[in-house]
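Asker: What follows is a single structure, and I will ask about it in a moment.
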Amino acid sequence: MSHDATHATGPDGADGAPGQRPWRPALVPSDRRAGRYDRLELLLFAAVLALAALTPPRDALGRPNAPLRTTLEESTGGGLCVWKRVTDRPCAGCGLTRGFVQLAHGEVVAALRLNPLTPAVFAWVVWRALELLAFVALGRRLVHGIPPRWVWRLYGACGIGFVTLAAARWILGVEGL
């Protein structure tokens, strides 16, 4: 295992070894140039965040809002989720779009009620947008400084969370948990 100075792990893979720098973001030179797909990915994440910020948090009926919610409900007979329209059961992702809008407007509790995983996914999208912005605009990598072992634990926890949420929603048939 090679030792990377951008992570706070020791040569043996132990986290937070004495004398290592603390976990904090850093800008480091990139080993490659930004390409078309990097720019497109940045545009996608920036658009998602901008759309969430520009969408009013509540619709005319006072319900948590999503971009084009009324239009989608009228044209599809339901919302954005194809799974929910076909099975009449919410999926693990149901509520994420409305949750993003709520978080963009500072409504953390409302976002958690819509989908408890919204803050984790929202934080990842914000981080990825910042990462891409640094790469495309500055030609530098934004390194989070969290040891890979902890990053994979976080991914695993999110995966388990989505599977658990999907199972609970399927069994109970309710959207908010």
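Values quoted throughout were computed directly from the atomic coordinates according to the rules given, and no laboratory measurement underlies them. In this text, all values refer to a predicted model and were calculated from it rather than measured experimentally. Positions of Cβ are generated from backbone atoms using ideal geometry, with glycine treated the same way; all protein chains shown enter the neighbour counts.
Asker: Neighbouring Cβ atoms within 10 Å as the yardstick, rank Val86, Val28 fewest first.
Answerer: The fewest-first ordering by Cβ neighbours comes to Val86, Val28.
Asker: Taking other Cβ within 10 Å of each residue's Cβ, how do Tyr37, Tyr155 sort, fewest first?
Answerer: The fewest-first ordering by Cβ neighbours comes to Tyr37, Tyr155.
Asker: So, one more: Taking neighbour Cβ counts within 10 Å as the exposure measure, how do Phe100, Phe45, Phe162 sort from fewest upward?
Answerer: So the ranking, lowest neighbour count to highest, is Phe162, Phe45, Phe100.
Asker: State, as an integer percentage, the relative contact order of the range 33-172 based on alpha-carbon contacts under 8 Å between residues 6 or more apart.
Answerer: 26
Asker: Also: Between beta-carbons, use under 11 Å as the cut-off and find the net charge around Asp59, counting Lys and Arg +1, Asp and Glu -1.
Answerer: Net local charge, Asp59 excluded: +3.
Asker: How many nm is it between the label spots at Ala26 and Arg149, if each spot is 7 Å from the Cα in line with the beta carbon?
Answerer: Those two pseudo-labels are separated by 1.9 nm.
Asker: Then there is this: Which is farthest toward the positive dipole end of the chain among Leu112, Ala167, Val82, measuring Cα position about the Cα centre, with Cβ charges +1 (Lys, Arg) and -1 (Asp, Glu)?
Answerer: So the residue we want is Val82.
Asker: Express in % the proportion of alpha carbon pairs of the range 42-113 at distances exceeding 17 Å.
Answerer: Result for the distance tail: 46 percent.
Asker: Roughly how many whole Å is it from the C-alpha centroid of the range 73-97 to that of the range 122-137?
Answerer: 28
Asker: Kirkwood Rh, the range 76-169, all Cα pairs: how many Å?
Answerer: Taking the inverse mean of 1/r over all distinct Cα pairs, the range 76-169 comes out at 15.0 Å.
Asker: Please compute the length gained on full extension between Leu44 and Cys158, using 0.36 nm multiplied by the number of residues separating them and subtracting their Cα-Cα distance.
Answerer: 38.9 nm
Asker: Then there is this: Given the -39500 (n - 2.57) contribution per DSSP H run of 4+ residues, what per-residue ellipticity at 222 nm results for the chain, rounded to the nearest 500 deg cm²/dmol?
Answerer: Rounded to the nearest 500, it is -17000 deg cm²/dmol.
Asker: With Cα extents along the principal axes in Å defined as stated, name the option among [x] 56, 36, 27; [y] 61, 49, 22; [z] 87, 36, 29 computed from the structure displayed.
Answerer: [x]
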